[in-house]
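Where a number appears in this text, it was derived from the coordinates with a stated rule and is not lab data. Since the structure is predicted, the reported quantities are computational estimates derived from the model, not experimental observations. Positions of Cβ are generated from backbone atoms using ideal geometry, with glycine treated the same way; all protein chains shown enter the neighbour counts.
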Amino acid sequence: MVHKNILIQGFVQGVGFRYSAVKAAHQFDIKGFVKNMQDGSVYIEAEGSESKVEEFIMWCHSGPPMAHIRSVSILDGPLMQFRHFKIAY
């Protein structure tokens, strides 16, 4: 199991990114959360098997159809043992 802190910048708010991330996380069996940040970016904490987290990160590089990704920053983090993937506010 791995934990990644993911920051996605670009045109990522107002395009359904958080809802699409929840759907993608369920598809890849990822636990954690996604939230909009005040600076217009989207922040995700994702946990799962290394291969599934890598697949989820690949999804983050494109996101939903209306998103325009400028950058995706990834940092390792400590396992938090999330039980679900949800939208955080």
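Screening the chain for strands (runs of 3 or more DSSP E) wholly inside it with 1 or more residues that are of a type in the set (Lys, Arg) and over 11 Å from the mean Cα position of the chain (by Cα) returns the ranges 68-76.
Annotation note: Cβ proximity below 7 Å between a residue of the stretch 67-89 that is within 17 Å of Val53 (Cα to Cα) and a residue that is among the aliphatic types (A, V, I, L, M) and in a strand (DSSP E or B) (sequence gap 6+ or interchain) occurs for Val72/Ile6; Val72/Ile8; Ser73/Leu7; Ile74/Ile6. Across the stretch 1-59, the number of residues qualifying as of a type in the set (Gly, Ala, Ser) and either in contact with a Cys (Cβ under 6 Å, 6 or more places away or on another chain) or more than 16 Å from Phe82 (Cβ to Cβ) (or both) comes to 7.
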